[in-house]
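Enquirer: Structure below; questions to follow.
The values are calculated or read from the model by the stated rules, or taken from the named source; none is laboratory data. Keep in mind it's a predicted model, so treat the numbers as computed, not measured. As a convention, Cβ positions derive from the backbone with ideal geometry for all residues, glycine included, and neighbour counts pool all protein chains shown. SASA here: full protein model, heavy atoms, side chains in, ligands and nucleic acids out. Shrake-Rupley method; radii C 1.70, N 1.55, O 1.52, S 1.80 Å.
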Amino acid sequence: MSRMNAFYAQSGGVTSVINASACAVIETARKHRNKIANVYAGRNGIIGALTEDLIDTSKETAATIAGLRHTPGGAFGSARYKLKSIEENRAEYERLIEVFHAHNIGYFFYNGGNDSMDTAHKVSLISKQLGFPVTCLGIPKTVDNDLPVTDNCPGFGSVAKYVAVSTREAALDVLSMAKTSTKVFVLEVMGRHAGWIAAAGGLAGSAPEDAPHIILFPEVPFDEAAFLARVKKCVEAYEYCVVVVSEGARYPDGRFLAEAGTRDAFGHAQLGGVAPVVANMVREKFGYKYHYAVADYLQRSARHIASATDVRQAYAVGKAAVQMALKGNSAVMPVIKRLSDKPYRWRIEMAPLARVANKEKMLPKRYITRDGFGITAACRRYLEPLIRGEDYPPYINGLPKYVSLKNVPVAKRLETDFVV
Ligand code: F6P
């Protein structure tokens, strides 16, 4: 194949290490200039491809690209934008291929979660049908850690570390004042349907008296009476009670404890605000003073306390995606294969996108204690290596020194505009 360009886009909620994958894609492509002429990034993800709003990454210096490795957020802009089915909106797919054709793009790297893997898969199919086959690779990313096949998802390890560290630190604060002041602290964490992030809070302690005393998982239907009884027991035994609650916690009938009422482009309910709901339940029943925190974007942007393992893996999947593409593989995603827990050893393997697309990996039953409020030893074994190691960004004047890109646009070649 003659030299072609590559298109790279970020999709869905960003993470503190998604730019490490971007860094790997660009650095690896730059090492293969004989095959990949240039990497164009989509401004605001796939929308950039549809609207021919491409970013020329060759305008960035090697030092700036290297700086992406320690910079959180999505450097080119990410989007929650799901392509419809081919039958419903063929025009969108045709437009993508038209843009790829116009810019001589033969490689498509899509960095996202379950929905994005579905898009990458569809683009690979349709590009063949339209006679301009594009090599399509998924690059895993999601703080929710709910992609199947891979041992874990880049982005998760760092959120897990942030949540475990914050739970441990806040618990010390609460405990020191519990006799006369706050007795209950509730930390709300992300994870729409799967309780992986909430489970990570469990790493903060290991003995029954250690915080968190209660974890509320989306996988365990919320039992208000059992929850309140447990809070009381904790306060009586230890003077305080720390609760980690997943934003996806649900009632037995499937309703979320806190649904904001809005939906995103993928049709997912926007969540948030479960912490005050459960904290209020506690106060109404027992009158305990409480504080709560909604970790929200702080958890998925906290690059200052990223897990070194996570950063390494985010880089490794980006690099492997380019290498796999150059070997002629398409409609696949690099996955992390765990070889052992202690020491944690892993390698990158390849999985077909069809096995990953649109599937969610929930926290297995064997990772949740029988009472439904904690994590098991098996869960700890799984989680512990993922938060290992620190990878501090450089600091200047007391603040992390993150890079910002020039994001120079590629000149448009098409006459037509496309409205998304
Ligand atoms: O992409 C995962 C996630 O971080 C979820 O855990 C969370 O519910 C959601 O994104 C928030 O999405 P948004 O930033 O689009 O509101």
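Enquirer: Yes or no: VAL242 touching a residue at least 60 places away in the same chain (Cβ under 8 Å) and assigned to a strand (DSSP E or B)? Can you show your working first?
Expert: On the way: touching a residue at least 60 places away in the same chain (Cβ under 8 Å): yes; assigned to a strand (DSSP E or B): yes.
Yes; evaluated as a whole, the condition is true for this residue.
Enquirer: Moving on to the next point. Quick check on region 1-22: of everything there that is more than 16 Å from the ligand (Cβ to nearest atom) and over 16 Å from LEU137 (Cα atoms), which residue is least open to solvent (accessible area, probe 1.4 Å)?
Expert: Residues of region 1-22 that are more than 16 Å from the ligand (Cβ to nearest atom), as a first pass: 1-8, 20, 22.
With the extra rule that they be over 16 Å from LEU137 (Cα atoms), the set shrinks to 1-3, 20.
On the way: MET1: 161, SER2: 86, ARG3: 115, ALA20: 1 Å².
Only one residue fits best here, namely ALA20.
Enquirer: Another question, if that's okay. Check off (1) buried (at least 24 other Cβ atoms within 10 Å of the Cβ); (2) small (Gly, Ala, Ser); (3) more than 16 Å from the ligand (Cβ to nearest atom) for GLY157 and give me the number that stays unchecked.
Expert: Condition (3) is where GLY157 drops out.
Enquirer: Determine if region 16-24 includes at least one residue that is over 20 Å from ARG300 (Cβ atoms) and of a type in the set (Gly, Ala, Ser).
Expert: Within region 16-24, the first condition is being over 20 Å from ARG300 (Cβ atoms), and the residues that meet it are none.
No, every residue in region 16-24 fails to be over 20 Å from ARG300 (Cβ atoms) and of a type in the set (Gly, Ala, Ser).
Let's see how each residue does on (1) open to solvent by 50 Å² or more (accessible area, probe 1.4 Å); (2) under 29 Å from VAL356 (Cα atoms); (3) touching a Leu at 6+ places or on another chain (Cβ under 9 Å):
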position: LYS161; (1), (2), (3): no, yes, yes
position: SER166; (1), (2), (3): no, no, yes
position: GLY195; (1), (2), (3): no, yes, yes
position: GLU209; (1), (2), (3): yes, no, no
position: ILE215; (1), (2), (3): no, yes, no
position: GLU236; (1), (2), (3): yes, no, no
position: PRO252; (1), (2), (3): yes, yes, no
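Enquirer: Right, another one. Can you tell which of ARG338, ARG366, ARG380 is modelled with pLDDT of 95 or more, surrounded by 14 or more Cβ atoms within 10 Å (Cβ to Cβ) and not assigned by TED's automatic domain parsing to the domain that holds GLY112?
Expert: Working: ARG338 fails: not assigned by TED's automatic domain parsing to the domain that holds GLY112; ARG366 fails: surrounded by 14 or more Cβ atoms within 10 Å (Cβ to Cβ).
Unique residue meeting the criteria: ARG380.
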